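These notes concern the structure reproduced below.
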Amino acid sequence: MHDIVLNRTLRLAVVGTISIAALISLILCYQALFDGITGSWSDAAGKCIWGTLAGTAALLMIRYRTDLIDT
């Protein structure tokens, strides 16, 4: 019983982390787009870089999600 609870808790933690990283990536990239439209290029570049890094982290976690959980 404890193994099932631990396994599902680890899966939930990994999926939650992936979801939060992807959401942060989307929010930052959209804010960068709107900052670029208004002409604030330095803020837009910083947000775009951080959004791209968060998206890349989410992509890597999705790619190696089976390695993150040892079943």
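Values computed for the structure shown
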{"item": "Region 26-45 residues that are within 20 Å of Leu59 (Cα to Cα), paired with ones that are of a type in the set (Phe, Trp, Tyr) and modelled with pLDDT of 95 or more (beta carbon under 7 Å, 6 or more apart)", "result": "Leu28/Trp50"}
{"item": "So Leu53, is it surrounded by 14 or more Cβ atoms within 10 Å (Cβ to Cβ), in a helix (DSSP H, G or I), at pLDDT 95 or above and touching a Lys or Arg at 6+ places or on another chain (Cβ under 8 Å)", "result": "no"}
{"item": "Scan of region 56-71 for residues that are open to solvent by 40 Å² or more (accessible area, probe 1.4 Å), in a helix (DSSP H, G or I) and of a type outside the set (D, E, K, R), ordered by number", "result": "Thr56, Ala57, Leu59, Leu60, Met61, Ile62, Thr66, Leu68"}
{"item": "Residues of region 26-50 classified as touching a helix residue (DSSP H, G or I) at 6+ places or on another chain (Cβ under 6 Å) and either among the β-branched types (Val, Ile, Thr) or open to solvent by 100 Å² or more (accessible area, probe 1.4 Å) (or both), total", "result": "1"}
{"item": "Lone qualifier among Ile62, Ile20, Ile24 - being modelled with pLDDT under 95 and of a type in the set (Val, Ile, Thr)", "result": "Ile62"}
{"item": "Pairs, first touching a residue at least 60 places away in the same chain (Cβ under 8 Å) in region 46-71, second of a type in the set (A, V, I, L, M) and assigned to a helix (DSSP H, G or I), C-beta under 8 Å, six or more apart", "result": "Ile69/Leu10; Ile69/Val14"}
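The values are calculated or read from the model by the stated rules, or taken from the named source; none is laboratory data. For clarity, every value in this text was computed on a predicted model and none was experimentally measured. With ideal geometry, Cβ positions are generated from the backbone for all residues, glycine too; neighbour counts draw on all protein chains shown. Keep in mind that these areas ignore ligands, DNA and RNA; they rest on the heavy atoms of the full protein, side chains included. Shrake-Rupley method; radii C 1.70, N 1.55, O 1.52, S 1.80 Å.
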